[in-house]
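Engineer: This is the structure I have questions about; it appears just below.
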Amino acid sequence: MDNYIVSARKYRPSTFRNVVGQKSLTTTLKNAIANNKLAHAYLFCGPRGVGKTSCARIFAKTINCLQPTAEGEACNACESCIAFNEQRSYNIHELDAASNNSVDDIRTLIDQVRIPPALGKYKVFIIDEVHMLSAAAFNAFLKTLEEPPHHALFILATTEKHKVLPTILSRCQIYDFSRISISDMVEHLEYVASQEGATAEAEALNVIAQKADGGMRDALSIFDQVLSFTNGNITYQAVIDNLNVLDYEYYFRLTDAMLTGNVREAILILNEILSKGFDGQNIITGLASHFRDLLICRDEATLVLFEVGASIRERYKETAKRCPEQFLYKAIELANSCDLNYRISRNKRLLLELTLIQLCQLSKSQSDDSKKKRLIEPVDGVSPQNQTQNQAQTPPPAQNAVVTTQMPASASVAPPPPSQPYTPGFSKKNVAQGPVSTSIKKIEEEINKPQNQSIASDTEKEQTTPFDNEALKNAWNGYAEALEGNAYLKGIMDNCTPDLQEDFHFEIAIHNPGQRDELLNNSIHILTHLRSQLKNSRVQMRIRMLETNEKKLAYTSADKYEHLSAVNPLLNKLKDEFNLMPD
């Protein structure tokens, strides 16, 4: 009992060859020793339990070895190596910066640096958790770290490199230690199990390696715990029971329930898991990892990312074949969303059950989507780019152009409600954006197209009832008064008076293109109303743009007097009798 040593210390590597999972770094250090190209300061950084301090000790022992091997390893037979192995070497000093982080501790270290080594070439100072030093201690250490004595060598180790001052980083050779892979940890655990005389299943060691999260020290500590629990027979079931790890079987059962859309079965499985004491957030994070593993198992190229035993791997491959990729993508998204909302949720169990219900609905929604047909086909139209080019090529019309809008004489169309004028293939938006000439051409084509079709089916006789200008004005004003939904058109018609000409044609004088376009848009309905009221199917409308010099100006007082006197000559007599003058 007194001689028991935990596996993390008992199987701590003593040579570079025994270091697990850091082959590239150990090779670099061995070559530096063999070629006698040593820096004065090193920084080993990386996660916990990956071998930073162990490599620092091996490196310190090897550079002081009196008879190093050709591979750059320590001989473990000379006086320096024996003193180091027996922990009585005065050439290697270790400082825990977590508890010795003051300026006085660094000054004591600097005093020790001045003393040359008694045995060997170098005096090595290993400072663990160097990021815990205070800012003042870092500043006190800078000068010595930059220009140390030729016999001094510093090895700094830290798990949080970003907390070390940049001035310290620039003075060190930096070595980044990576997490140890699951396969390397399983291989080393098999070696330790054989040395301890224990039997272990591969799946059991794999669970231990996954639980260690890349740290060999954590894996060995878990191994000792499970070894004591199983009394030398390490099985998969014993490991998951001891470590409170959720069995893969539960995840496979949940996946089967989701693929079949069995909500009841999924909720019952969740209740069974919760009754065993598992935390809800661990369940959902494990489920998200399970979906991720299924996704990478669908492709042989990504299968190398899945580090599990052979039997579990085959189970995942079989299940992955039954899971569509879209299902896995959405399932990972839902599981991740549940994980993010778990801590802020007041009813955590309800959140888990709701997530499972949504996951069970995924397979059903995908099957429904596959049965849907596209009911609406895309409509071919003119692209904005082509429309812009066509408009750019069309020259703008002259300001004094006279536009004649004609309709077949025999057309008989029922007048629609004036409040909702019909605009065939034409909109105000297009009028404002493009030239008017293109729009007029389109309108005339639209006018002739439906009317020609109606003529083929309508054989009524042509009406040619004569009418005068007063009847035309009454019909024109009647249509304007009936307008309710188009205030703009009503204002145009109120301000424009039709002028009757020969052959039942009348002319409308307008002031701007906007008024012309509005009349063109509604010309069909206006003419239909006028022909119906006047009982003449040969009524035609002409639109004339007024010249700029025809603009009406405000009348002066003299103009008004001259106009009134021309109408009533007695006004001049009144002016003369009372000696009046217009203002």
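Quick note: the coordinates plus some simple rules give every number you see, no bench work behind them. Computed from a predicted structure; not experimentally measured. Every residue, glycine among them, receives a Cβ derived from its backbone with ideal geometry; neighbour counts consider all protein chains shown.
Engineer: Do me a favour and compute the ellipsoid semi-axes for region 64-150 from its Cα gyration tensor, root of five times each eigenvalue, largest one first, whole Å.
Structural biologist: Computed over region 64-150, the values are 28, 13, 12 Å.
Engineer: With a 10 Å Cβ neighbour count serving as the proxy for reagent exposure, in which order, fewest first, do PHE327, PHE141, PHE578 appear?
Structural biologist: The order, fewest Cβ neighbours first, is PHE578, PHE327, PHE141.
Engineer: What is the extension gain from GLN87 to THR199, computed as 0.36 nm multiplied by their sequence separation minus the C-alpha to C-alpha distance, in nm to one decimal?
Structural biologist: 37.0 nm
Engineer: Mean projection of the alpha-carbon convex hull of region 17-128 over all orientations, in nm²?
Structural biologist: Averaged projected area of region 17-128's Cα convex hull equals 7.5 nm².
Engineer: Compute the distribution of all C-alpha to C-alpha distances in region 285-361, in bins of 10 Å from 0, and list the percent of pairs in each, rounded to whole numbers.
Structural biologist: Binned Cα distances yield the sequence 18, 45, 26, 10, 0.
Engineer: Right, something else. Please work out the Cα center distance from region 307-347 to region 156-226, rounded to the nearest Å.
Structural biologist: One Cα centre to the other: 26 Å.
Engineer: Find the Cα radius of gyration of region 1-83, compare it with 2.2 N^0.38 Å by division, and give the number to two decimals.
Structural biologist: 1.15
Engineer: Is region 196-253 best put as rounded, prolate or oblate by its Cα gyration tensor, with a ≥ b ≥ c the root eigenvalues, rounded for a/c under 1.5, and otherwise prolate when a/b is larger than b/c, oblate when not?
Structural biologist: oblate
Engineer: Also, I was wondering about something else. If you average over every viewing direction, what projected area does the convex hull of the Cα atoms of region 92-210 give, in nm²?
Structural biologist: So the mean shadow area of the Cα hull is 10.2 nm².
Engineer: Show the residues, 5+ positions off or on another chain, whose built amide H is closer than 5 Å to the amide H of ILE92.
Structural biologist: VAL124
Engineer: Ok, one more. Give, to the nearest whole percent, the P(r) tail of region 112-176 beyond 16 angstrom, counting all Cα pairs.
Structural biologist: Here the long-distance tail beyond 16 Å is 46 percent of all Cα pairs in region 112-176.
Engineer: Taking the Cα atoms of region 264-324, report the difference between the largest and smallest coordinate on each principal axis, in whole Å and largest first.
Structural biologist: 38, 22, 18 Å, listed from the longest principal axis down.
Engineer: Sort LEU530, LEU305, LEU109, LEU243 so that the residue with the fewest other Cβ atoms within 10 Å of its own Cβ comes first and the one with the most comes last.
Structural biologist: LEU305, LEU243, LEU109, LEU530
Engineer: Starting from 0.36 nm per residue, how many nanometres of slack lie between LEU243 and LEU119 once their C-alpha separation is accounted for?
Structural biologist: 39.9 nm
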